[in-house]
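Where a number appears in this text, it was derived from the coordinates with a stated rule and is not lab data. As the structure is a computational prediction, the values presented were derived from the model and not from experiment. Cβ placement follows ideal geometry from the backbone for every residue including glycine, while neighbour counts extend to all protein chains displayed.
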Amino acid sequence: GAVVSQHPSRVICKSGTSVKIECRSLDFQATTMFWYRQFPKQSLMLMATSNEGSKATYEQGVEKDKFLINHASLTLSTLTVTSAHPEDSSFYICSARVRGGYGYTFGSGTRLTVV
Amino acid sequence: GQQVMQIPQYQHVQEGEDFTTYCNSSTTLSNIQWYKQRPGGHPVFLIQLVKSGEVKKQKRLTFQFGEAKKNSSLHITATQTTDVGTYFCAGYSGTYKYIFGTGTRLKVLA
């Protein structure tokens, strides 16, 4: 089946540094990838929709300059958390859909801890 | 904006008991999907419902889509410890994105 590979799975960084998270669709082309944020024991909140070759669409309240999204190819989308602060600590997860398929395939998620 | 609520928020059941989670949308949905997220894991797609009043079954799981396409339910018969996790519905209303419900966390006591 469709697989989305997400790296890193865990990252601890110092406050003020930037962290890049990668999501790769391994056996299909993902023209659109969705980025979510999930706080402990809460739902998935959509942050942005990345589209291959164009600018990402951010949800209301999500700072585009802080959460940089790049979707340079049909198989790779990246989320960079810039100048991270402790309040950015969360579980970040991406998802994509196989064209013509049902349901979204999620990456395994990245647990970001900013100290 | 569109909101998707689920009840209950938590449910603890004895193994062998049945379990139901309900999903309610503030707007009419084109379709609804259900996902399961195991503790520490990522959401895994279970099923998609499209038609008004649709009922689908997957072994011990029964999914329903309401007649008005604003609500849905997931029923698990005779729960097992492997059913532990959080169940999310995700509603699509034609805005090129799915809105996830608040989730129901299921614990099954052996």
(request) From other protein chains only, count the Cβ atoms within 10 Å of every residue's Cβ in A:35-43, then give the mean. (result) 3
(request) Select from segment A:23-115 those GluC sites (Glu not before Pro) which occupy a DSSP coil region and have at most 10 other Cβ atoms within 10 Å, ordered by residue number. (result) A:E63
(request) Please give the average number of partner chain Cβ atoms lying within 10 Å of the Cβ of each residue in A:52-65, rounded to a whole number. (result) 0
(message) Tell me the relative contact order for segment B:35-97 as a rounded percent, counting alpha carbon contacts under 8 Å between residues six or more apart.
(response) 31 percent
(request) Find the cysteines in chain A that fail to meet the 4.7 Å Cβ criterion with every other cysteine, and list them. (result) A:C13
(request) For chain B, please report how many Lys pairs fall under 24 Å Cα to Cα, leaving out neighbours fewer than 8 apart on the same chain. (result) 23
(request) Please sort by residue number the chymotrypsin sites (Phe, Trp or Tyr not before Pro) in segment B:66-110 whose DSSP state is loop and whose Cβ has at most 12 other Cβ atoms within 10 Å. (result) B:Y96
(request) Would you mind ranking A:C23, A:C13, B:C89 so that the residue whose beta carbon has the fewest other beta carbons within 10 Å leads the list? (result) A:C13, A:C23, B:C89
(message) For segment A:48-80 and segment A:4-31, what is the centre-to-centre distance using only Cα atoms, to the nearest Å?
(response) 12 Å
(request) Could you list A:M47, B:M5 in order of exposure, starting from the residue whose Cβ has the fewest other Cβ atoms within 10 Å? (result) B:M5, A:M47
(message) Let me check against my output: what whole-number percent is the relative contact order of segment A:1-100, with C-alpha pairs under 8 Å and at least 6 apart?
(response) 36 percent
(request) Please figure out what share of the DSSP beta bridges in chain B is antiparallel and state it in percent, rounded to the nearest 5. (result) 90 percent
(message) Give me B:L74, B:L49 sorted ascending by neighbouring Cβ count inside 10 Å, so fewest comes first.
(response) B:L49, B:L74
(request) Give me the distance between the Cα centres of segment A:83-115 and segment B:1-25, rounded to whole Å. (result) 23 Å
(message) Please list, in order along segment A:79-94, the HN-Hα scalar couplings obtained from phi with the Karplus expression 6.51 cos²θ - 1.76 cosθ + 1.60 (θ = phi - 60°), rounded to whole Hz, x for Gly and Pro.
(response) 10, 10, 8, 8, 6, 5, 10, x, 5, 7, 4, 5, 9, 10, 9, 10
